[in-house]
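Novice: I have a structure I would like to understand better, so I am pasting it below and will then ask my questions one at a time.
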Amino acid sequence: MNSARDNVVWRECRALSRCLLPLIDQETWRRDRRHDDFRERGLDVPQGERLLGTFAALTMHTVILDAAAAGRPSTVEALHATALRTVAHTVMNRRDYEFLAAAPAQADDDMEEQDLAAFRLLAYQTGCAAHVFAYLGSQVRATFDTLASRSRTTTATCGDLRQWASQAKLLP
């Protein structure tokens with residue numbers, strides 16, 4: 001796989017993941033409930049939201065890497081053509097550690113590196129801490145499913161997600 005192309009795809013996954021919570025929080029009760037859930041699990045809100053975003057980005061990137069392994073293109077266009085429900089479905093069909101294969105070899109900045117390191121640690125937790133990972137996965141899936149359900153099209157895609165984020169001025 002072309003590393004430069006993969007970096008571009010990863011950056012797009014990361015950019016889209018940063019837009020998910022502002023888009024889902026159109027109903028303020030969702031944000032309030034999520035914040036309460038984070039606190040109940042011992043996560044501070046900014047940390048929990050960054051982990052959720054990292055999980056979402058890794059999930060989108062996993063879908064694209066799977067497509068590349070099957071001989072389809074690993075491009076931003078392929079990401080944009082990916083159905084949101086496909087991304088949601090991927091969350092529940094993977095083992096925790098399998099998402100780590102989608103992590104970039106090198107982070108773009110210190111915050112991304114910290115988020116990826118926290119995700120790596122979380123993926124290998126056992127006991128009660130493992131429930132945090134399961135919770136985050138269920139939230140990522142619910143987020144993608146909710147956004148897909150809100151769509152006027154029958155099959156909302158990551159390209160639609162980009163369009164919604166642009167219209168909401170979350171992306172250029």
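Novice: Can you show me the helix-derived [θ] at 222 nm for the chain, built from DSSP H runs with n ≥ 4 at -39,500 (n - 2.57) apiece and divided by the number of residues, rounded to the nearest 500.
Specialist: -23000 deg cm²/dmol
Novice: Which one of Asp37, Asp115, Asp145 has the biggest mean-square fluctuation once the chain is modelled by GNM with Cα springs under 10 Å?
Specialist: Asp37
Novice: So for each of 150-159, 6-15, 53-62 I average, over its residues, the number of other beta carbons within 10 Å; can you give me the resulting order with the highest mean first?
Specialist: Going by the mean number of other Cβ atoms within 10 Å, highest first, we get 53-62, 6-15, 150-159.
Novice: Given the options Leu52, Leu20, Leu122, which has the most mean-square fluctuation in a GNM of the chain, springs set between C-alpha atoms less than 10 angstrom apart?
Specialist: Highest fluctuation of the listed residues: Leu122.
Novice: For the chain, what is the charge dipole size about the Cα centre, in debye to the nearest 20, if Lys and Arg each add +1 at the Cβ and Asp and Glu each add -1 at the Cβ?
Specialist: 500 debye
Novice: Rounded, prolate or oblate: which fits the range 66-172, taking a ≥ b ≥ c as square roots of the Cα gyration tensor eigenvalues, rounded meaning a/c under 1.5, else prolate when a/b beats b/c?
Specialist: prolate
Novice: May I pose another question? How long is the gain from Arg30 to Val45 if the chain were fully straight, where each residue apart is worth 0.36 nm and the alpha carbon distance is subtracted?
Specialist: Extra length from Arg30 to Val45 when fully extended: 4.1 nm.
Read-outs: derived from the displayed coordinates by stated rules, not from any lab. Predicted, not measured: the structure shown is a model, and the values here were computed from it. Backbone-built Cβ (ideal geometry, glycine too); neighbour counts: all protein chains shown.
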